[in-house]
Amino acid sequence: MQTANIVDENIKKIAELFPNCLTEAKDDKGRLRMVIDFEKLKQELSEDAIGEGKERYQFTWPDKRHAIRLANTPISDTLRPCREESLNFDTTQNLYIEGDNLNVLKLLRENYLGKVKMIYIDPPYNTGGDFVYKDNFIMKNSDYKEMSGSYDEKGNVLVGELEKNTESNGRFHTDWLNMIYPRLKVAKDLLSEDGVIFISIDDNEQRNMKILCDEIFGERNFLTCVTRGTGTPTGGGFDGLVNELDYILIYARNILNATINGLEMSDTDALIYDQEDEYGKYLIRPLRRTGGEDRREDRPTMYYPITAPDGSHVYPKGPTGYDSRWICGESKYKELVANHLIYWKEVNQNGVKKWNVYQKFYLEGRLKAPGNLWTDVEGNKKATRDIRALFDSKKVFDFPKPVGVLQKCIGIGSDKESIIIDFFSGSATTAHAVMLQNVADGGSRKYIMVQFPEETTIETEAYQAGYKNICEIGKERIRRAGRQIRNGLESKCNALRDGIERMLSARPDATAQLLLLDQQKEIAQKIYEEQILPKQRELDELEERLEHLDIGFRVLKLDSSNMEDVYYRPEESTEKTLFEDNIKPDRTSEDLLFQVMLECNLPLSAKIETEKIAEKEVFSVNDGYLIACFDEKVNEDVIKEVAKRKPYYFVMRDSSLSSDNVADNFEQIFQAYSKDTIRRIL
């Protein structure tokens with residue numbers, strides 16, 4: 001009923017490598033537990049070990065050890081579904097999660113371990129009083145203690161105690177580093193081997209964020225730091241200087257496996273493709289290697305004769321006549337010839353005719369590598385105008401990120417099937433951008449937005465418009481943006497459909513007699529193939545994208561465990577509490593189901609179906625992979641029907657079985673019908 005204890009897992013890994021370093025020690029309650037003997041471990045690594053106090057290159061700050069422990073400490077929280085605030089709860093693949101993002105990331109760690117292709121975050125920039133965070137859940141593994149914090153009207157713990165980054169601390173770095181470090185450390189585990197993380201930041205903490213990410217992700221996995229203009233030439237800055245720049249740090253989980261997608265060519269980019277043949281527009285580049293390593297001795301296999309159009313042999317020669325080399329070997333050159341990618345040009349050089357050879361690069365299908373200076377994306381002012389337009393001209397959120405910037409990140413950093421996480425979701429610009437990119441390229445990306453429900457203040461337009469916290473703004477933005485995107489796509493489809501109908505009605509059919517003429521038929525066929533058929537294909541593609549467009553989201557809220565405290569403190573149980581229900585009375589069957597989905601490593605967007613078996617509500621997740629029933633008085637008919645379906649997991653409450661006789665027969669029924677099913681009792 002807790003998230004994985006990362007420290008224990010690390011101890012196991014060390015024990016596998018150095019079993020002699022594993023020993024026992026007593027905790028503060030006098031109980032034995034396995035620990036690492038660091039003195040012996042130092043001996044095993046003696047050549048590379050650094051002694052206490054020895055100078056070394058390092059990045060540290062007050063409470064850094066505490067921040068590391070925060071990332072590793074297990075929690076017993078859970079996520080509760082909220083259907084009434086969701087959109088298309090039963091069919092959507094998207095998640096919107098409310099709660100402290102560190103605890104949420106810990107809950108997601110097992111389910112989404114290595115499955116997230118892209119993370120984007122726009123964390124607080126540490127400009128003073130601009131973030132809240134939880135910093136009170138360090139606890140001993142042997143002693144569960146309910147975390148203090150905010151409570152709902154029923155007295156349930158919602159989130160831990162919040163500490164605000166005060167104005168006095170805003171220009172210092174410790175609070176900010178202690179907030180961001182554990183979150184990045186946990187988030188790294190979610191990234192796939194080819195995954196990437198994009199982090200927006202400004203001058204306040206750009207330097208520290210870079211060093212922090214070098215430590216967490218590895219300096220070798222740094223891809224680039226994107227610089228973009230904010231479009232705010234009159235914005236705030238320091239000492240009379242205006243801050244017009246923002247940055248996006250990009251790191252790979254593993255640079256050897258990382259994938260960054262190319263960008264489509266713009267009309268301006270296409271201007272350099274200034275030649276054309278029957279295969280399309282193209283440009284040419286010399287086949288001879290230029291620049292460094294362009295001599296024959298650098299790559300001897302790339303020095304060979306090529307036959308020119310007049311039958312003469314051409315060798316690669318440098319500007320001063322030295323033996324150079326081609327850019328490819330002879331076999332590759334033959335491939336280029338076969339694919340019509342070689343271009344010859346006869347030139348007159350000092351009265352002597354000679355042949356120069358080039359490689360063709362065709363425009364069609366070509367992508368350009370993204371750079372790290374983004375001058376072609378919209379600025380912050382447009383982002384503010386866009387969100388105002390969505391919310392009926394109300395300023396409901398300060399400093400939203402431009403959706404075009406996020407869409408560009410998603411385009412180069414994710415695949416069409418990717419899972420994308422933003423755990424500083426804010427106004428949910430990332431969710432908006434995911435939907436737009438899916439429409440743009442026909443993708444089916446899924447997003448997970450995580451946002452702490454920080455309250456809006458009474459003087460803000462957001463509060464006066466009815467949005468009491470940031471999560472309400474984010475969810476409403478997704479709803480409105482989704483409708484806008486769907487309506488825009490429907491309008492495009494309708495316009496194409498009308499255009500096709502007009503073109504069909506305008507086909508050359510002046511008289512029935514003319515239609516019989518072969519020439520007229522050829523004209524009609526040509527018009528159909530060149531004008532109507534491409535439009536029909538475009539319409540079919542857009543209609544398919546419209547059909548699969550997911551504008552919904554499943555809302556989940558971080559909460560304390562579904563289990564009563566006595567579950568975690570058996571030493572405090574009595575004869576009375578021993579037989580009481582171990583589940584909190586306000587928790588629903590669906591609450592329990594999502595806790596089970598977390599524990600069974602199922603995606604929280606998994607398909608959930610419900611049905612009645614012998615009058616009992618039964619949940620089936622992912623087409624029967626998990627079956628669960630949390631009703632009271634479950635009899636043998638229910639157990640037998642479930643067992644016949646052979647689920648991988650079956651879960652029920654401890655108090656669900658209708659009688660001792662049913663409990664006695666429970667195992668026998670599964671042994672008879674589905675002995676491999678994993679049975680769990682809450």
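The values are calculated or read from the model by the stated rules, or taken from the named source; none is laboratory data. Bear in mind the structure is a predicted one, so any value in this text is a computation, not a measurement. Every residue, glycine as well, gets a Cβ built from its backbone with ideal geometry; the counts of neighbours run over all protein chains shown.
Here are the numbers for this structure:
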quantity	calculated
From the options GLY404, GLY351, GLY329, GLY318, residue that is surrounded by fewer than 13 Cβ atoms within 10 Å (Cβ to Cβ) and without any contact (Cβ under 8 Å) to a residue 40 or more places away in the chain	GLY351
Residue among GLY218, GLY262, GLY229, GLY280 that alone is in contact (Cβ under 8 Å) with a residue 60 or more places away in the chain and surrounded by 15 or more Cβ atoms within 10 Å (Cβ to Cβ)	GLY229
The listed residue being within 25 Å of ASN111 (Cα to Cα) and outside the structural domain of GLU364 (by TED's automatic domain parsing), out of ARG207, ARG183, ARG228	ARG183
Residues that are among the charged types (D, E, K, R) and within 41 Å of the chain's Cα centre (by Cα), drawn from region 653-668	ARG653, ASP654
Helices (runs of 4 or more DSSP H) within region 491-567 that include 3 or more residues more than 30 Å from ILE681 (Cα to Cα), at pLDDT below 70 and not assigned by TED's automatic domain parsing to the domain that holds PHE452	512-515, 518-527
Options ASN601, ASN635, ASN582; residue that is touching a residue at least 40 places away in the same chain (Cβ under 8 Å), assigned by TED's automatic domain parsing to the domain that holds GLU667 and more than 26 Å from TYR112 (Cβ to Cβ)	ASN582
Candidates GLU264, GLU278, GLU244 - the one that is more than 19 Å from the chain's Cα centre (by Cα), within 28 Å of LEU177 (Cβ to Cβ) and among the acidic types (Asp, Glu)	GLU244
Per-region count, region 307-358, residues touching a helix residue (DSSP H, G or I) at 6+ places or on another chain (Cβ under 7 Å) and within 13 Å of PRO286 (Cβ to Cβ)	5
Selection within region 606-641 - part of a loop (DSSP other than H, G, I, E, B) and either under 17 Å from SER655 (Cβ atoms) or in contact with a strand residue (DSSP E or B) (Cβ under 6 Å, 6 or more places away or on another chain) (or both)	ALA606, PHE630, ASP631, GLU632, LYS633, ASN635
Elements of type strands (runs of 3 or more DSSP E) contained in region 279-372, each with 1 or more residues being under 30 Å from GLY411 (Cβ atoms) and β-branched (Val, Ile, Thr)	280-286
Subset of region 659-682 (residues that are surrounded by 16 or more Cβ atoms within 10 Å (Cβ to Cβ) and in a loop (DSSP other than H, G, I, E, B))	SER674, THR677, LEU682
Residue, modelled with the lowest pLDDT, within region 390-419, restricted to residues that are among the acidic types (Asp, Glu) and out of contact with any Lys or Arg (no Cβ under 8 Å at 6 or more places or on another chain)	ASP398
Residue among ILE448, ILE421, ILE478 that alone is assigned to a helix (DSSP H, G or I), buried (at least 24 other Cβ atoms within 10 Å of the Cβ) and among the β-branched types (Val, Ile, Thr)	ILE478
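For every residue, the table says whether it meets (1) under 17 Å from the mean Cα position of the chain (by Cα); (2) not in a loop (DSSP other than H, G, I, E, B).
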| residue | (1), (2) |
| --- | --- |
| PHE59 | no, no |
| ALA67 | no, yes |
| LEU70 | no, yes |
| ILE75 | no, no |
| ASP90 | no, no |
| ILE97 | yes, yes |
| VAL104 | yes, yes |
| LEU113 | yes, no |
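For (1) touching a Cys at 6+ places or on another chain (Cβ under 6 Å); (2) in a loop (DSSP other than H, G, I, E, B); (3) of a type in the set (Val, Ile, Thr); (4) not assigned by TED's automatic domain parsing to the domain that holds TYR96, each residue gets a yes or a no:
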| site | (1), (2), (3), (4) |
| --- | --- |
| SER393 | no, yes, no, no |
| ASP398 | no, yes, no, no |
| VAL405 | no, no, yes, no |
| CYS409 | no, no, no, no |
| GLU417 | no, yes, no, no |
| ALA433 | no, no, no, no |
| ASN438 | no, no, no, no |
